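**Q** Let me give you the structure first, and then I'll get to my questions.
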Ligand SMILES: [Zn+2]
């Protein structure tokens, strides 16, 4: 009787341990993936796309100016001129719409970064050495810069 209970208990403990280890392994593998997908890539992507878009917009505006010049010099037929100009203006309009979206997104990201930066700054202030002002991790008991004991 005693033996059967302890075998049952052992199996139970072993089973719990396996389930726990398995869950921990899943979390360990999935967490960095999920975090990376959520936070990191958007930041630089939007900024890079905005840069590309602004240079493309400058190209389109320059093309319209060239087109007007060519037309004024009499090197373009009326129909061609109107058609090309309409296409350029259409593209410029699309670029302007996308630019608005990207600028809002980039500004939001910059605000988030600034908040994170200030949060970090105020955290490191809490562990600043009173003697020399060096910022130290909270676990340090003595300042590595000047040797003063930390609170
Ligand atoms: Zn110090």
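**Q** Being under 28 Å from the mean Cα position of the chain (by Cα) and away from the ligand (no atom under 16 Å from the Cβ) narrows it down to one residue among 87, 114, 83; which is it?
**A** The match here is 114.
**Q** So which residues in segment 86-141 are on the phi < 0 side of the Ramachandran plot, outside any helix (DSSP H, G or I) and modelled with pLDDT under 90, if there are any at all?
**A** 127, 128, 129, 130, 134, 135, 136, 137, 138, 139, 140, 141
**Q** If residue 108 satisfies every condition in (1) within 16 Å of the ligand (Cβ to nearest atom); (2) under 30 Å from residue 46 (Cβ atoms) but one, which is the exception?
**A** (1)
The values are calculated or read from the model by the stated rules, or taken from the named source; none is laboratory data. Fair warning: this is a prediction, and the values are worked out from it, not measured in the lab. Cβ sites come from the backbone with ideal geometry, for glycine too, and all protein chains shown count toward neighbours.
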